[in-house]
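The values are calculated or read from the model by the stated rules, or taken from the named source; none is laboratory data. Quick caveat, the model's predicted, so the values are computed rather than measured. So basically every Cβ, Gly included, is an ideal-geometry build from the backbone, and we count neighbours across all protein chains shown.
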Amino acid sequence: MLELHSSEIADIAQALSKVQQVLDRASKKSANPHFKSKYAKLEDIWDALRDILPEHGLSVTQIMSPIDGKDYLITMLLHSSGQWLKSIAPLMLEKVTSQGLGSAISYQRRYSLAAITGVCQEDDDGNAASLISRKQVVQVADLLKGHADIYNLIIRQLNDRNIATFDLIPINDFEKLVAHIHNLINKKMEKLQKEIDASLDAKVCEETSLNGECNED
């Protein structure tokens, strides 16, 4: 089992307790295009911690590491005594690209940093609860794998509603979106099958035409 803290934690616990006594909420500076509200970015959380952590002998490191073939973000809260706390969070990608990986890392860094230090993000229980989960984001992305044309269409449709990324999709729209994607994929596959059938019919007709057996409708 992965260890989540050092064998002794008395010193780091005392230091973290002192930090949390004076810790302010992370300010909200970044716009959420769907709710027209604000949320705390990674740098906002760091601004809340930057001066306080060193005063109490604390620092943070965040690295990406593979575990059992999957990518995880490992966040460690370190104390000058050598004691430490660790969190391990999976990286869930919207799409398997460098941009998708960068987005997943930034997202997880923000929440892991806030969680391990106790920073309260002012939008944690409001808008975030009204959006689809990371698991649902990945589900949408998985549905669209191999369908670049449908992916681009969905992105355009979301952008028309001022929804920039999958993780800003309202939870109430999730089932409708999944059904919409399935419908688009089914229509695409039906069209493709008809084209294949027509091609096969044409080939059979060509092969039998010399015998006068092909009757075109």
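Considering the conditions (1) surrounded by fewer than 16 Cβ atoms within 10 Å (Cβ to Cβ); (2) outside any loop (DSSP other than H, G, I, E, B); (3) of a type in the set (Val, Ile, Thr), VAL96 is excluded by exactly one of them, (2). Across the stretch 108-121, what is the number of residues that are in contact with a helix residue (DSSP H, G or I) (Cβ under 7 Å, 6 or more places away or on another chain) and surrounded by 16 or more Cβ atoms within 10 Å (Cβ to Cβ)? Summing the residues that are in contact with a helix residue (DSSP H, G or I) (Cβ under 7 Å, 6 or more places away or on another chain) and surrounded by 16 or more Cβ atoms within 10 Å (Cβ to Cβ) in the stretch 108-121 gives 7.
Please list, ordered by residue number, the helices (runs of 4 or more DSSP H) wholly in the stretch 10-62 having 1 or more residues that are closer than 23 Å to PHE166 by Cβ and modelled with pLDDT of 55 or more. Please lay out each step first, then the result.
Details: elements: 10-22, 42-49, 52-55.
Ranges flagged: 42-49.
With at pLDDT 85 or above and either in contact with a Cys (Cβ under 7 Å, 6 or more places away or on another chain) or assigned by TED's automatic domain parsing to the domain that holds ARG50 (or both) as the only criterion, which of GLY118, GLY146 stands out?
Working: GLY146 fails: either in contact with a Cys (Cβ under 7 Å, 6 or more places away or on another chain) or assigned by TED's automatic domain parsing to the domain that holds ARG50 (or both).
Testing whether each residue is at pLDDT 85 or above and either in contact with a Cys (Cβ under 7 Å, 6 or more places away or on another chain) or assigned by TED's automatic domain parsing to the domain that holds ARG50 (or both) leaves just GLY118.
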